[in-house]
Amino acid sequence: MSRIINVAAAQLGPIERSHSRCEVVERLLAHLREAHAMGCQLVVFPELALTTFFPRWYAEDIAEMDAFYERQMPGPETQILFDTAKKLGIGFYLGYAELAHEAGRVHRYNTAILVGQNGEIVGKYRKVHLPGHAAHEPWRAFQHLEKYYFEPGERFDVWRAFGGVLGMALCNDRRWPETYRVMGLQGAEMILLGYNTPVHNPPAPEHDDLSMFHNHLVMQAGAYQNGTWVVGVAKAGNEAGCEMIGGTCIIAPSGEIVAACSTKGDELAIARCDLSLCDSYKNTTFNFERHRRPEAYGLITERRGAVLPAPLAA
Ligand code: CDV
């Protein structure tokens, strides 16, 4: 039996440092309304969708950047997103910087939430694979200080929502097969994933021409190898002088891209996603129970970095 979710991948063009939360929320509301008019039940926004990608700047005092974080969700400027979602009966995934007070101290995370069609938060995810660096590196054309501004999250969960099993990830997570497999092992049928990816990779500029190829390669492989839909959504275009890739797309469990954005601005890509299409992959080639050999995979969790075999004796 088919189980359909009409999904809108809601790409955003650049958000400048001077743009207010209210201006950005207006753009998100326009996406919600258009997606609703086109019959969607779920809208997926990018990573850090409420602000510019602030980890590209260094501040000696980390608290100087606190204006870019949300202390509550919903908060005063974002409440309208939840109210509108409820009124329209449309859910959403939203990436944002989270400032939390837990266990007597302040924590900062790169976070995403999933909000149901009733305007209630279904689940929260904190980014596990934080890329970039923790110290100021002035030689770079721009900084990528996620390891400075955020603590890593600790888990990949899935939630029963929208008639299926949905998971969340953020940007650099998409490059790691473990991300998809941990959610695949919990039955994920759709993985929602927002990203901010510069075209230029300062430590490896020789990869710049391949940035879009790699973007699609990892998400298409993750979808196919786990028999799941993947919705990858960019913040794209030239943001504060940093050129970011677009490439927003919706990927079927076959690994095929079934909808994609064609610009680097605010744009929706829409697909009618039948969750039951996951079954033929999950029940055959990727029937995990039948074919996986976890007894051979111990190193995946025992070891972080590669350790080479000892050199051959002369
Ligand atoms: N926001 C990100 O996680 N960006 C990384 C960049 C630094 C490579 C990415 O994987 O796209």
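So, R0 is 22 Å and r is the distance between the beta-carbons of A204 and K147; what FRET efficiency does that work out to, to 0.05?
Calculated transfer efficiency: 0.80.
Could you sort out which of K147/K264; K127/K282; K87/K147; K127/K264; K87/K282 sit more than 30 Å apart by Cα distance in this structure?
Pairs exceeding 30 Å: K87/K147; K87/K282.
Just want the ordering: H144, H136, H214, from fewest to most Cβ atoms lying within 10 Å of their own Cβ.
Fewest-to-most Cβ neighbours within 10 Å comes out as H136, H214, H144.
Could you give each residue of the stretch 236-251 its phi-based ³J(HN,Hα) in whole Hz, using Karplus coefficients 6.51, -1.76, 1.60 with θ = phi - 60°, and x for Gly or Pro?
Per-residue couplings from phi come out as 10, x, 8, 9, 6, x, 9, 7, 10, 6, x, x, 3, 7, 10, 10 Hz.
Suppose only helical runs count, i.e. DSSP H with n ≥ 4. What mean residue ellipticity at 222 nm does that imply for the chain under -39500 (n - 2.57) per run, divided by all residues and rounded to the nearest 500 deg cm²/dmol?
Computed mean residue ellipticity for the chain: -6000 deg cm²/dmol.
Let me check against my output: what whole-number percent is the relative contact order of the stretch 142-274, with C-alpha pairs under 8 Å and at least 6 apart?
Here the relative contact order equals 19 percent.
Taking every Cα atom in the chain, find the radius of gyration and the maximum pairwise distance Dmax, and write them in Å.
In Å, with Rg to one decimal and Dmax whole: 19.4, 74.
On alpha carbon coordinates alone, what is the Rg over Rh value for the stretch 1-110, Rh being the Kirkwood radius?
So for the stretch 1-110, dividing Rg by the Kirkwood Rh gives 1.02.
Under the rule of at least 5 residues apart or a separate chain, name every residue whose amide H is placed under 5 Å from the amide H of E70.
Excluding prolines and chain starts, which carry no amide H, the hits are A97, E98, L99.
With the contact rule set at Cα under 8 Å and sequence spacing of 6 or more, what percent relative contact order holds for the stretch 2-83?
38 percent
Give the dimensionless ratio obtained when the Cα radius of gyration of the stretch 1-62 is divided by 2.2 N^0.38 Å.
1.45
What chymotrypsin sites (Phe, Trp or Tyr not before Pro) does the stretch 221-314 have in DSSP loop regions with at most 15 other beta carbons within 10 Å?
Sparse-neighbourhood loop chymotrypsin sites (Phe, Trp or Tyr not before Pro): Y297.
Rounded if a/c is under 1.5, else prolate if a/b beats b/c, else oblate: with a ≥ b ≥ c from the C-alpha gyration tensor eigenvalues square-rooted, which is the stretch 88-135?
oblate
Can you tell me the relative contact order of the stretch 1-144? Whole percent, Cα pairs under 8 Å, sequence separation 6 or more.
22 percent
What FRET efficiency comes out for the pair R105/A135, r = Cβ-Cβ distance, R0 = 30 Å, nearest 0.05?
0.90
Residues with beta-carbon under 13 Å from that of G123, excluding G123: net charge, scoring Lys, Arg +1 and Asp, Glu -1?
+2
Count charges around L217 for me, please; just the other residues with Cβ under 11 Å from its Cβ, Lys/Arg as +1, Asp/Glu as -1.
Summing Lys and Arg as +1 and Asp and Glu as -1 gives +2.
For R293 and E154, calculate 0.36 nm times their separation in residues minus their Cα-Cα distance, and state this gained length in nm to one decimal.
47.6 nm
Just from the alpha-carbon atoms, what are the Rg and Dmax of the stretch 124-249 in angstroms?
15.1, 49
Please label the shape of the stretch 208-314 as rounded, prolate or oblate, based on the square roots a ≥ b ≥ c of the eigenvalues of the alpha-carbon gyration tensor (a/c under 1.5 means rounded; beyond that, a/b larger than b/c means prolate, else oblate).
Here the stretch 208-314 falls in the oblate category.
Can you sort M73, M219, M244, M212 by how many other beta carbons sit within 10 Å, fewest first?
Arranged by neighbour count, lowest to highest, M73, M219, M244, M212 become M212, M73, M244, M219.
Using every alpha carbon pair in the stretch 53-179, what percent of pairs falls into each 5 Å bin from 0 up to the bin containing the largest distance?
Going from the shortest bin to the longest, the percentages are 2, 10, 18, 20, 19, 15, 10, 5, 2, 0.
When R21, R272, R126 are ordered from fewest to most other Cβ atoms inside 10 Å of their Cβ, what list results?
R272, R21, R126
Net charge near G164, counting Lys/Arg +1 and Asp/Glu -1 over other residues with Cβ under 13 Å of its Cβ?
0
FYI, it's all coordinate maths here, none of it is from the lab. Keep in mind it's a predicted model, so treat the numbers as computed, not measured. Virtual Cβ from ideal backbone geometry, glycine too; neighbours counted across all protein chains shown.
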